[in-house]
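Each remark here refers to the structure printed beneath this line.
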Amino acid sequence: MSAAFEGSHCQAPDSVPRIPSPSHLPSPLPSSRIVPRIVPLISLVWFWFGRGQLKGVGEAPEGASGLGRVVAVFLGAAAAVPVVYYLLAIGAEKLQVVLTVMFVLLAVMLVVEGIKNGAVARDKVIAMLIIFAFNILFWMFFEQAGSSFTFLADQIVNRDLGFMTFPTAWFQSVNSVAIIVLALSLIHI
């Protein structure tokens, strides 16, 4: 009998199948390890050969290109790895404070730069920040669909259809079904 069942009112049957340890599991398919490495290389080669079609869009400004900038980006990314690891290790509450402060600082820096560059740039920055705010709110509410909204549907919504009770788990598919039905109905417009 397992130590987890000792002293409890439940008894573990002796014929319970054991879950194999990870060392006994079959190794993943080679394609599951190779494809994620190959696809970025293919896209890099595709971009490299097709960059002439961009006709200068996205190139560095005059005098700003060179190996020094590439090295600076590499060193910055390498320095960011332990910082990100630390941020993930400090806990959700502290991380929320850190990310909020960083977002407010970023917003202030963007507004200051927008003001420096004239009224048009300032208005673009303000419009961008408004879009940021609504984007954040949208995803905050959208991600509640799998938890809070399902709980509310279970507790508040009358799910009795007369011939059956609509299961709360089915509310998860409403968004997908609505997209498919509306897309099919809008094709003919």
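The values are calculated or read from the model by the stated rules, or taken from the named source; none is laboratory data. It should be emphasised that the depicted structure is a prediction, and the values quoted were computed from it without experimental measurement. Cβ sites come from the backbone with ideal geometry, for glycine too, and all protein chains shown count toward neighbours.
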Across (1) more than 30 Å from VAL174 (Cα to Cα); (2) in the same structural domain as GLN172 (by TED's automatic domain parsing); (3) aromatic (Phe, Trp, Tyr), TYR85 clears everything bar (2)
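Looking only at residues in the range 35-84 that are β-branched (Val, Ile, Thr), at pLDDT below 90 and in a helix (DSSP H, G or I), which one is nearest to the chain's Cα centre (by Cα)?
Of the range 35-84, the ones β-branched (Val, Ile, Thr) are 35, 38-39, 42, 45, 57, 70-71, 73, 81, 83-84.
Checking which are at pLDDT below 90 leaves us with 35, 38-39, 57, 70, 73, 83-84.
Adding the requirement that they be in a helix (DSSP H, G or I) leaves 35, 38-39, 70, 73, 83-84.
On the way: VAL35: 21, ILE38: 22, VAL39: 20, VAL70: 27, VAL73: 23, VAL83: 19, VAL84: 16 Å.
Ranking the candidates gives VAL84 first.
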When every residue in the range 85-96 that is surrounded by 11 or more Cβ atoms within 10 Å (Cβ to Cβ) and assigned to a helix (DSSP H, G or I) is compared, the one modelled with the lowest pLDDT is LEU87
Return the pairs, sorted by first residue and then second, in which the second residue is part of a loop (DSSP other than H, G, I, E, B) and among the basic types (Lys, Arg), the first residue lies in the range 160-189 and is surrounded by 10 or more Cβ atoms within 10 Å (Cβ to Cβ), the beta carbons are less than 8 Å apart, and the residues are 6+ apart or on different chains. THR165/ARG159; PHE166/ARG159; PRO167/ARG159; THR168/ARG159
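For the range 114-189, which fully contained helices (runs of 4 or more DSSP H) count at least 1 residues that are under 30 Å from VAL104 (Cβ atoms)?
Working: elements: 119-142, 148-155, 174-186.
Helices (runs of 4 or more DSSP H) meeting the threshold: 119-142, 148-155.
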So which pairs qualify, if the first residue must be in the range 61-88 and hydroxyl-bearing (Ser, Thr, Tyr), the second must be outside any helix (DSSP H, G or I), the Cβ gap must be under 8 Å, and the two must be at least 6 apart or on different chains? SER65/GLU59
Note on the range 104-150: residues surrounded by 13 or more Cβ atoms within 10 Å (Cβ to Cβ) and of a type in the set (Phe, Trp, Tyr) are PHE132, PHE149
